[in-house]
Structures are given as C-alpha cells and as structure tokens.
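Read the structure below first, then the notes.
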Amino acid sequence: MKKALAAAALGAAAVLVLSGCTDSAAPEGSADPSEGSSGELTPVRVAALPIAETGALWAAIDEGIFEEHGLDIEVVPAQGGANAIPALLSGDIQFAIGQPFGPIRADLQDLGVVVVGDYANSLDEGTDVNAVVASADSGITRPADLAGKKVSVNTIGAAGDLTIRKAVEDDGGDPSTIEFVEVAFPDVPAQLEAGTMDAAWVPDPFRGMILGEGGVSVVQPYQVTIPGLTVLTNITTQEMLDNDAELVESYSAAMEEALAWANDNEEAVRDAIATNLEIPAEAAAGITLPVFTWELTIEDIQTLGEMAVTFGYIDAEPDYDRLIQQQ
C-alpha cells in the first residue's frame, strides 16, 4: 500500500511554499498589476492550494474567462490561506484563495486583510469535500476514537482542526487530548502509511487515494459541525481595495463568472484537476467537487468564529463588517 500511495501522491505534489514571495519583484516581462493599458492583460498573482478545488480556477483560466476581463492570472501554489497572508501584505500576490480562518486571525491583528468573495462551499449532505481518514488497521472508526491520537492537518489552528475538535467533543471524546501535526496534503498518503500519524484530514484527490487502498473515513468534520461551511474564500487587502478598486472589480467580476461557469462545466473542471495535479482522468472523475460560488454565507463564517472562541483558538471574534466585504 505504501508504494502505491506514494507513487500516486507524487504526481499531485507541488511546491507548497509561495513561489517568489521573498522577492517582491514582478515576474520577468510583467507589468505592475495596476498599470494595465487598453488592449493589454493585467498580470495578477493568485495564491491557491494544489488541491481539487482549485480545478475551477485552472479550468476557467483555460476557458479564457479571466482574459475576457483583461486579466492574466498566475496561480501561485500555497499550503494554506494563512500562509499566503504575508505575501498579500508584502504585495507579492494580489489575491489568495484560502480558508476564512486565516483572515479571521489577521483581522484580530488589524492587518488589513479582507474577504471579498466566496470560492467553494462544502456539501451539507452525502460525501463531503474533505474528511478525516485512517488506516484500516488503526482501530479508528468514529470521531471519539481520535482522542489521544496524532492527527494531521495542512495548517494548524484553522478550520480543519477546529471542526475536528468539535466533532470529537460531540461524539463524547476529549478533544484536548488530540495531538495535531502539520503535514502538507500531498505528503499525507505516504506518511499515514508510514505510521507517522494516526489519522489525517484531507481533501480529494488524497482522500480518494487513501480510501482506495483500504483506508477508512472517520468523520467529515465540516458536515457534522457547520453543514455547507465555506471551504475556501477569495482574500485580498484593504490597501488593494482602496488603491486599486478597478483591479478588484475586474477580478471579482471574472471570478464570479468563473465559479458559475465551473458549476455548469464539471467535466472541464475534472480535466483541469487531472492535468494540473498530474493524476489519471479516472481518479479525477471520482473526486467530490464542492459548490463553487461567489456569494458568501456570512452566518457560517460567524459560527466558525464563535466556535474558535469557545475552543480557545482566538480570544475574541473579529470585526465581521471590516473583514467581510462582499464584492
């Protein structure tokens, strides 16, 4: 099983740190994103995770939707939305696609990070877009079994481990005894097989790889805590909103169109997933896709914030009016 999982994950592995984020210089031959002239495309760098959900963005770029709005999108691989925030603040990227929890923390530090739109939501019933998985011989079959175990997430202190804690508590387990470790999604299949952790929270295609090799799905934490929770949001800075409103408007219009198109063109999204994650088309066909949408469900983000306070992740809730500025 180890060799099979490692080989499958290898093609999906990507650089999980922001490319070029320590160097604020624009890519060779590109212009300042705010200085695109008539008839020319404005280069825009967008951080996104190398996971199935990014298929909507990749496919929409291939479809030419962003070009129609005058934008030349460069997708910059990142491990999580929180990891992208320093790059946003430094100007190395203009937008990021990530969990809403990073922006929640950033707002509490008054960093000027803003959520301008949704991107993808989890499913409120059936097979969800992510799950906690474990090896068949682990003895872990329900949320309470995770108490006292080592569980991986891609970013510690975000919606993944927070909703896992809530699910474990609701199932009668002690969430304070879970040891969370940070493991990039593409590394999970091999590390889980090697026994470096007991269970892992992963989206597709990595969940599918593990379950296909006999692993078990323990819990879908989003679905059992906040059904339909926002998985990923579009993030930028207040400075960008104030100083380049035209770019934000163009990006927002393009992304709204792209996400609506993605919902209606599932095959194109799956083709983009297979190409960009370098996985077989058959594997991409079996991936559970989220609901792609631009419209935020603010109440769900507020519920996430309340949960974070309850479990001691943050001391207070953010200023939602300042943080969430739907475009």
* Asked: Picking from ARG165, ARG207, which residue would you name as being buried (at least 19 other Cβ atoms within 10 Å of the Cβ), under 20 Å from THR303 (Cβ atoms) and not small (Gly, Ala, Ser)?
  -> ARG165
* Tell me, please, whether a residue that is exposed (fewer than 15 other Cβ atoms within 10 Å of the Cβ), at pLDDT 95 or above, over 29 Å from LEU211 (Cα atoms) and of a type outside the set (Ser, Thr, Tyr) can be found in the range 68-78. => yes
* Taking the residues in the range 86-111 that are under 19 Å from ALA245 (Cα atoms) and within 15 Å of the chain's Cα centre (by Cα) as candidates, determine which candidate is surrounded by the most Cβ atoms within 10 Å (Cβ to Cβ). => ALA96
* How many residues are closer than 27 Å to ALA56 by Cβ and either at pLDDT below 95 or among the aromatic types (Phe, Trp, Tyr) (or both) if we restrict to the range 301-327? -> 1
* Can you pull out the residues in the range 299-313 that are surrounded by 17 or more Cβ atoms within 10 Å (Cβ to Cβ) and either in a loop (DSSP other than H, G, I, E, B) or of a type in the set (A, V, I, L, M) (or both)? -> ILE301, LEU304, MET307, ALA308, TYR313
* Structure fact -> Checking ALA272, ALA268, ALA190 in turn, the sole residue that is in a helix (DSSP H, G or I), touching a Gly at 6+ places or on another chain (Cβ under 8 Å), touching a residue at least 24 places away in the same chain (Cβ under 8 Å) and crowded, with 16+ Cβ neighbours inside 10 Å turns out to be ALA272
* Asked: Going through the range 285-298 one residue at a time, which ones are in contact with a helix residue (DSSP H, G or I) (Cβ under 7 Å, 6 or more places away or on another chain), surrounded by 19 or more Cβ atoms within 10 Å (Cβ to Cβ) and either among the basic types (Lys, Arg) or closer than 22 Å to GLU249 by Cβ (or both)?
  -> PHE292, TRP294
* Residues satisfying the stated conditions in the range 132-161, i.e. assigned to a strand (DSSP E or B) and over 14 Å from the mean Cα position of the chain (by Cα) -> VAL132, VAL133, ALA134, LYS150, VAL151, SER152
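The values are calculated or read from the model by the stated rules, or taken from the named source; none is laboratory data. Because the structure is a prediction, the values reported are computed rather than measured. For neighbour counting, all protein chains shown are included, and Cβ atoms are generated from backbone atoms with ideal geometry for every residue, glycine included.
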